[in-house]
Amino acid sequence: MSAAAVLSVRALRVGFGASAPVVRGVSFELAAGECLAIVGESGSGKSVTARSLLGLAGANARVEADRLELGGQSVLGLTDRAWRVRRGKDVGLVLQDALVSLDPLRPIGREIADSLRLHTTLGAAARARRVLELLDAVGLSNPELQVQKRSGQLSGGERQRALIAAAIALNPPLLIADEPTTALDVTVQAQILALLEQIKLSGTAVLLVSHDLAVVSRIADRVAVMHDGLLIETGRTERVLVAPQHEQTRRMVAAVPADKPRGTRLSLAASMPLAPAPIVSARADSTRPTASKPDAAVVRETVVLEAIGLSHSFRRPDGSRQLAVDDVSFSLLRGHTLGIVGESGSGKTTTARLLLALLPLEQGDVQLFGQAWSSVSEKRRRRRRASVGAIYQDSLGSFDPRWSVGEILTDALGRALPQTRSARRSPENLARLTTLLDEVGLAATVLPRRPLELSGGQRQRVGIARALAGRPDILICDEPVSSLDVSVQAQVLDLLDDVQRERELSLIFISHDLGVVQHVSDEVVVMRSGRVVESGSAARVFTAPEHAYSAQLLAAVPRLPG
Amino acid sequence: MVEPVTPANRRRDGLARPVFRALGRLGARLAGAIFVLWAVASITFFAVRLIPGDPAQAVLGGPGSQASPEALAAVSAEYGFDQPVFTQYLTQLGRLATGDLGRSYSLNMDVGPLVLDQLGGTLLLAVLALSLAWVIALALATWSTRGGLVAARVGSSLEIVAAALPHFWLATSLIVVFSIWIGVLPPISTDSLAGLVLPVLTLAVPLAGFLGQIMRESLLIALESPFVLSARARGESERGVRWVHALRHASLPAISLSGWAFGSLISGAVVVETIFARPGLGRTLLNAVTLRDVPVVIGVVMIVAVAYILMTLLTDAVSRLVDPRLRLS
C-alpha cells in the first residue's frame, strides 16, 4: 500500500442475510487526485461495493474484508456512530438523479448546509455564506436565487450540481459518485463530467461507479470492470478500452453502439444464447438486403409514413399552454429507419404518440401509405392499427402485470383471449406463439411467466414480439433500449435489425442516445424544444452537422478512445 | 377544436393570470361548499320524510300523545305540512339560505342556539380524539419501522386490530375494565378531564390503527428513498434522518386523510355520546331522529357539514404548508 492511498480495499466481501455474497473479494486502491471507475452491468455488485465504503450497504449486510482503510485508518467493524463522523467529512457520496436524491420538500440550500451543520461549529450565517460559495464552485449561476429552490424547481443539471455541492461541502478527500450522470441529457452529462474532473484535479480522489464505459472513459484514470461480484479486469483506461483482456470486457466494449456502422453486430455471439439461428447469407455482406434486390430503387422511394407540420400543446398547471411539438415534418421510406433524437423535453415522445394517433393533432396531418391516418375517426383507424406496431421504453409498465407472456401475445395476435386453460394451450395457438417467440429469440418456456419474472432484456423481447404480432409494416420504437444494460441493449438492437431485414419493416426509432441513433438510422431528425432543427441522412448529419445544436449534441456524445 | 397557440395569446396568458387564477380557485371552492351544503340539506330533508308517520303528530308530542284531529290540522297548517312536499322543501331551503334553521318540533325552541350549544362538546371530543390518534399512530409507526422484524409484525398487527374495533364494543369494554374492574375512571362522561378519557380513547384507538397503517407504509417508502441515503452519507443520524426528512414525507397522506377522519369522528360521536351519556351533537341528533324532529336533524347535519368543509380546507392548508410542491408558484 502506497502512503498516498486515500482508499485501500483488500478482498472486500459483502453478503445479505443467508444468501450468497454479491461482492466476492474485491481489491483496489485509490490515490489523491486520481479517478477510478468501477464499471459493470446491473446486479454486478458495483453499487453495493461503493456503499460499503460508507458503511451504508444496509442494515442486514455482512461486510467483511482483509483490509478496508479510509485515509490510512481501518473502518472495518465501525459502529454507526463512528461511521457518522466520517460520512460527509472523509468521504462524500453523489447519487443518480438529484430530483429524488435531494429531499424534494426542502430547499437545496438547507440540504447542502446540513453537511456543515453536522460536522462543523459554523453558525447559521457562516453556513449560508459557505453554501453560496459551494454553489458558485459547482458552477450554478445565480446562487442567491437558486439556494431557495427545491430539487423539483431546478433543471436536471442544476440539481445534480447542487447534489455534488452537498457531497463536497466539507472537502472530503474521497468522493464516490454512483451513476452521477445516468439520468441526464448528453450535453448536461458532459458538463457534470467536466465538473467531476475539475474536482479530481483539485486533489480529491474520485471513485466513479457506472454501467457506461463510454461515459467513464472521459475522466477515469483507471477502470475496474466488475462482473458477478468480482473485479475481472483493472487497468489504465486507454488500455482496458483499446485492448481488453477479459472476454466480458470485450463484450462490453463491442456493445457500445456509437461510431459502429449501420448493420454491424453489436453483441458477440457468446453473449446471446437465446438468439435464433442467424441468417448467415443476409449478414455476410453486412449491407442492407433491399439494396441487393433488383427492384430496390423502386422500393426505397416509397413513403410509408408521412408527418406534415405536426403541432401539439399541453396545458400547464397554471392554465397556459406549452407547445410540445411545433410544426414537425418528416417522411419515412419503406425499409428505412428514421431516427428521432433530442434531449428530454424536446417533444420526441409526443411526436411518437401523434404518429400513433394516440393524441389529437392541433395542426398538421399524418398519412399512412398516402392515406389519411390522423384525420379519420378512430373507428375507421382501428382496423388499420395492426399495420403500425409500437415498442416502449418501460416494457414492464406497458404490460398488464397479471397477464402471462402467453396471454399478452395471444391478445396481441388479435384473437379473442381463450377463456380456458386448455384453449390457451391448444396446439394451434401454441404454434403461433412459439413462432413469434422464436423470431425474437425467446424459448417457449417463457409463455407461462409474468412480466415481473422476466429480465429486462427478455421483457423488451416480449415487447417486440407483441409489436410484431399484428404483422405491422411500421414499428414505432420509443426509447426501446434506454433502460437496458449495454450488452443487453446490443442484443436488442441486433434483434431489431434482424426483424427489420426479415420482415422489411420501416422503423421510427426515438432515442436520447445519439450513439444508438447513429448506429441504427438511415435518416435522422434532430429535435429541440418541439421543433426540428436538422434532418437528413444519418451519414451526413453525424459527420457534417449543419445546425450548431446538432454539432453541440454530437460533441457531447461519450465515445470510446481509439 | 383546441385553440392554436400563437405567440400573441401566449403573451396574454402570461400577464393577468395569477390574480384570476387565485380568484378562480376561491370561487370554485365556495361554489363547491355551497353545493355540498345544498345536497346535504336536500338529502336529509327527503330522508327524514321517508320515516312513516305524520309530522304533525311529532310536533304534538309523538304517536303516544293522542292529539285530536283538530289539533293535528291546526299544527299541519301552522307548519305547512298540508302543502305539497316540494313546496315544503323550497320553503325549507329558503329558510336555510337566510341562516334560519327553524324551530324544534319537540323542544319548542330555535334550532340554531340549540345546536350551537351542543357543538362545543362534540368538537372538543373530535379534536382531542384526532390529536390522540395522531400521537398513537406516529409512535406506533416510528417504533415499528425501527425495532426490526418483530416490531414490524407486532406493529402492523396492532394497527389492523385497532382499525377493526367497533366503537360500541370498545366503549363497553373500556367501561368494564376502567370503571367497573379497576374503578379509576367514570363510566359517565362529565365535564371533568377524567370523564373525557374513555370517550376520547374510544374514538381515537380505531382511527390511530387506520392512520398508523398509512403512516408506516409511507414512512418505509421515505426511509428507502435516495434522499435519505444522501442524508445518511452526509453523516445524518438515524433520528435526524427521521425528523428532518422521513416523517415529513410520511405525514403527507395521513394529513390528507385527516379531513375525512374528522367527519367519521363526528359520526362516531353519535355512538360514544350515547354510551357515555355525554351531551353533544351526536346525542341531540339521535334524539331528534327518534322524535322525527326534522328541523333539529337538518340543523345538526348542516352544522356537521360546515365543520367538515372547514376541516377539509384546514387539512388542505396544512398539506400545502408541509409540502411546498402543492403551492402553485
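Only the coordinates and a few stated rules stand behind these numbers; no lab work does. Keep in mind that what you see is a predicted model, and the values were worked out from it rather than measured. Virtual Cβ from ideal backbone geometry, glycine too; neighbours counted across all protein chains shown.
So what's the net charge close to A:Arg81: Lys and Arg +1, Asp and Glu -1, counting the other residues with Cβ under 14 Å from its Cβ?
+3
Projecting each Cα onto the charge dipole of region B:111-326 (Lys/Arg +1, Asp/Glu -1 at the beta carbon, about the Cα centre), which of B:Met215, B:Val154, B:Leu229 comes out farthest on the positive side?
Value computed over the given set: B:Leu229.
What list of ³J(HN,Hα) couplings, whole Hz, do you get for region A:441-457 from phi and the Karplus terms 6.51, -1.76, 1.60, once you set θ to phi - 60° and write x for glycine and proline?
The phi angles translate into x, 10, 7, 5, 5, 7, 3, x, 7, 9, x, 5, 8, 9, 6, x, x Hz.
Roughly how big is chain A's charge dipole about its Cα centre, with Cβ charges of +1 (Lys, Arg) and -1 (Asp, Glu), in debye to the nearest 20?
1260
Over 33 Å apart: what share of the alpha carbon pairs of region B:111-326 falls there, rounded to a whole percent?
Result for the distance tail: 25 percent.
Given A:Ile308, A:Leu484, A:Thr79, which one lies farthest toward the positive end of the charge dipole of chain A, if we put +1 on the Cβ of every Lys and Arg and -1 on the Cβ of every Asp and Glu?
Going by the Cα projections, it comes out as A:Thr79.
Any idea what diffusion coefficient region B:24-97 gets from Stokes-Einstein, in µm²/s, Kirkwood Rh on alpha carbon pairs, 20 °C, 1.002 mPa s?
Rounded, D is 150 µm²/s.
Taking beta carbons within 10 Å but only from partner chains, what does the mean come to for residues A:91-104?
That works out to 4 on average.
If each residue's Cβ is checked for other Cβ atoms within 10 Å, how do A:Glu428, A:Glu197, A:Glu343 rank with the fewest at the top?
A:Glu428, A:Glu197, A:Glu343
Which helices pass in chain B if a helix is a full DSSP H run, must span at least 30 angstrom along its long axis by Cα, and must have mean Kyte-Doolittle hydropathy not below 0.0?
The qualifying helices are B:17-49, B:111-144, B:193-223, B:247-275, B:294-322.
Which trypsin sites (Lys or Arg not before Pro) from region B:66-152 combine a DSSP loop assignment with at most 15 other Cβ atoms within 10 Å?
Within region B:66-152, the qualifying trypsin sites (Lys or Arg not before Pro) (loop, at most 15 other Cβ atoms within 10 Å) are B:Arg146.
Along the charge dipole of region A:322-400, which of A:Gly342, A:Ser398, A:Trp373 sits closest to the positive end, that is, farthest toward it, with unit charges on the beta carbon of Lys, Arg, Asp and Glu (+1, +1, -1, -1)?
The listed residue farthest towards the positive side: A:Trp373.
Can you give me the long-range amide H partners of A:Ile391? Hydrogens built in the peptide plane at 1.01 Å from N, cutoff under 5 Å, separation of 5 or more residues or another chain.
A:Ile476, A:Cys477, A:Asp478
Would you tally the net charge around B:Ser76, using a Cβ to Cβ cut-off of less than 15 Å, leaving B:Ser76 out, and scoring K and R as +1, D and E as -1?
-2
From largest to smallest, what semi-axes in whole angstrom does region A:101-171 give when each is the square root of 5 times an eigenvalue of its alpha carbon gyration tensor?
Square roots of five times the eigenvalues give 18, 12, 11 Å.
Report the rotationally averaged projected area of region B:207-329 based on its alpha-carbon convex hull, in square nanometres.
About 10.2 nm², averaged over all directions.
Whole-Hz ³J(HN,Hα) for each residue in region A:304-312, computed from phi via Karplus 6.51 cos²θ - 1.76 cosθ + 1.60 with θ = phi - 60°, x for glycine and proline: what do you get?
Values, residue by residue: 9, 9, 10, 9, 10, x, 5, 9, 7 Hz.
Kindly count the pairs of lysines across the protein assembly as shown whose alpha carbons are less than 28 Å apart, treating pairs on different chains or eight or more residues apart as eligible.
9
For region B:292-317 and region A:206-249, what is the separation of their Cα centres, given in Å?
67
Under the rule a/c < 1.5 gives rounded, and otherwise a/b versus b/c splits prolate from oblate, where does region B:264-329 land using the Cα gyration tensor?
It comes out prolate by the Cα gyration axes.
How far, in degrees from 0 to 90, does helix A:108-119 lean away from the longest principal axis of the Cα atoms of chain A, to the nearest 10?
For A:108-119 against chain A, the angle is about 30 degrees.
For chain A, compute the orientation-averaged projected area of the C-alpha convex hull (one quarter of its surface), in nm².
Mean projected area for chain A: 29.0 nm², to one decimal.
Which percent, to the nearest 5, of DSSP beta bridges fully inside chain A are antiparallel?
Of those bridges, close to 55 percent are antiparallel.
What's the magnitude of the charge dipole for region B:111-326 around its Cα centre, counting Lys and Arg as +1 and Asp and Glu as -1 at the beta-carbon? Answer in Debye, nearest 20.
So the dipole magnitude of region B:111-326 works out to roughly 480 debye.
What is the order of A:Trp373, B:Trp169, B:Trp260, fewest Cβ neighbours within 10 Å to most?
B:Trp169, B:Trp260, A:Trp373
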